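Bear in mind that the values in this text are calculations on the coordinates, not laboratory data. Keep in mind that this is a model prediction, so the values were computed, not measured. Glycine gets a Cβ as well: all are built from the backbone with ideal geometry, and neighbour counts include every protein chain shown.
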């Protein structure tokens with residue numbers, strides 16, 4: 001199933017959904033994912049394995065974490081080859097002095113924004129769609 005590649009269609013058609021929970025980033029060095037942990041994402045780097053998981057799971061497993069954040073899912077099936085979609089969104093969030101950690105799945109893009117700034121991010125994404 002091929003996703004949308006046209007940038008203007010992506011921007012004008014996107015809606016955003018705030019996912020429940022506060023997420024955090026954890027890195028594990030030479031460790032398996034602890035039992036009972038269900039990460040939203042696992043990415044293996046040379047320095048360690050990065051997990052994005054719920055803060056409550058990290059705390060229950062005594063894992064050191066960083067960047068308490070909220071997950072926003074962009075509700076449009078974007079192609080993995082789409083050019084400029086996340087760059088445009090990240091640029092608008094940067095104008096609001098907001099960092100973002102984007103993650104692309106097969107069907108959707110997800111934005112991890114600082115906890116407490118999720119409403120600002122949702123407003124910006126909505127405004128972008130309206131203006132596209």
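Computed values, structure above
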read-out	value
Potential lengthening between residue 47 and residue 62 on full extension [0.36 nm per residue; Cα-Cα distance subtracted]	3.4 nm
The range 7-131: relative contact order as a whole-number percent, Cα under 8 Å and 6+ apart	31
Inverse of mean 1/r across different Cα pairs in the range 59-101, Kirkwood, Å	13.0
Acute angle (nearest 10 degrees) that the helix 85-95 long axis makes with the longest principal axis of the chain, alpha-carbon atoms	80
Fraction of beta bridges assigned by DSSP in the chain that are antiparallel (%, nearest 5)	95
Rough spin-label spacing in nm, given labels placed 7 Å along Cα→Cβ, for residue 95 and residue 29	4.2
Degrees, to the nearest 10: 118-131 long Cα axis against longest axis of the chain	20
Cα Rg over Rh - the chain, Kirkwood	1.00
Ranked packing of 50-59, 21-30, most packed first, by mean Cβ within 10 Å	50-59, 21-30
